[in-house]
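Below is one structure, written out as structure tokens; the observations come after it.
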Amino acid sequence: MTSSTISGLLDKLVEDTQNEVTVEDVVSSFEERGFGPLLLIPSLMVILPTGAIPGVPSICGITLFLVCIQLAAGKDHPWLPKALRERSVSHDKLKKATDKARPYISKMEKLFTPRFTAMAKKPIRSVIAGISGIVVLSMIPLEVIPFGAALPAFALALTAIGIAYRDGVVVTIGLIAQASTGILLYQVVAMA
């Protein structure tokens, strides 16, 4: 796998880290590739079994919010506060989750191709990042529902994949999924 694919990026993260994998490890491993992996990796951490670990969806949601807002503002490199950069998950849990997801991710990667590329380029990408930043904050209250935070994480993962592969169809599907997250959060708040 090449490091330009999602599975390649995950493999690189697992190979380049030991013991505890911090948010800073993710940032330093993928910073030179831009914001795409920084949106994708935390999203996948919430979707995969690591998302069941208490606190992981909230940490990932805050991380994703900060990355989305900086992308929306047109920044070239992300900045994260020290307290967030030092948050971690065990290397073994990350490796197990990555190994479990690899066959599915590899199958999915065959579906992506550059099409309707305007959706994945500036200035539309900046608008999408701003919307995504608001949606990912819903991971925090949805953490109280088992795997409830997986829906906004999945929506953002689709959007990030679409941007990374310049696939406007996938970006659009991700935005539709983000809208459904808003509806779910509204229903959760209305029931409370």
> Do any trypsin sites (Lys or Arg not before Pro) in region 44-114 lie in a DSSP loop with no more than 14 other beta carbon atoms within 10 Å, and if so, which?
Replying inline: LYS75, LYS110
> For the chain, what is the accessible area per residue in Å², given a 1.4 Å probe and the full set of protein chains?
Replying inline: 50
> What order do MET139, MET191, MET108, MET45 take when sorted by accessible area (1.4 Å probe), most exposed first?
Replying inline: MET191, MET108, MET45, MET139
>> From the helices alone, meaning DSSP H stretches of at least four residues, give me the mean residue ellipticity at 222 nm for the chain, per-run term -39500 (n - 2.57), in deg cm²/dmol to the nearest 500.
In response: -21000 deg cm²/dmol
> Are there chymotrypsin sites (Phe, Trp or Tyr not before Pro) in region 77-154 that DSSP marks as loop and that have at most 14 other Cβ atoms within 10 Å, and which are they?
Replying inline: TRP79, PHE116
>> Sequence gap at least 6, Cα distance under 8 Å: using those rules, report the relative contact order of region 37-95 to the nearest whole percent.
In response: 32
> By Kyte-Doolittle mean hydropathy of at least -1.0 and Cα axial length of at least 27 Å, which whole DSSP H helices of the chain are selected?
Replying inline: 168-191
>> Suppose a student asked you for the relative contact order of the chain, using Cα pairs under 8 Å spaced at least 6 residues apart; what percent would you report?
In response: 26
> Which one is right for this structure if volume of the Cα convex hull per residue in Å³ is calculated from it: [x] 106; [y] 120; [z] 129?
Replying inline: [x]
> Over the alpha carbons of region 60-162, what is the largest minus smallest coordinate on each principal axis, giving the biggest first in Å?
Replying inline: 38, 36, 27
> Relative contact order, percent, of region 100-192 when contacts are C-alpha pairs under 8 Å separated by at least 6 residues?
Replying inline: 33
>> Computing the accessible area with a 1.4 Å probe over protein heavy atoms, can you report the carbon and sulfur percentage for the chain?
In response: 65
>> Which entries of LYS12/LYS100; LYS75/LYS121; LYS12/LYS110; LYS75/LYS107; LYS75/LYS122 have Cα-Cα distances beyond 23 Å here?
In response: LYS75/LYS107
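The values are calculated or read from the model by the stated rules, or taken from the named source; none is laboratory data. Because the structure is a prediction, the values reported are computed rather than measured. In this analysis, Cβ positions are derived from the backbone assuming ideal geometry, glycine residues included, and neighbour counts consider all displayed protein chains. When the accessible area is computed, the model is the full protein with side chains, heavy atoms only, and any ligands, DNA or RNA have been set aside. Shrake-Rupley method; radii C 1.70, N 1.55, O 1.52, S 1.80 Å.
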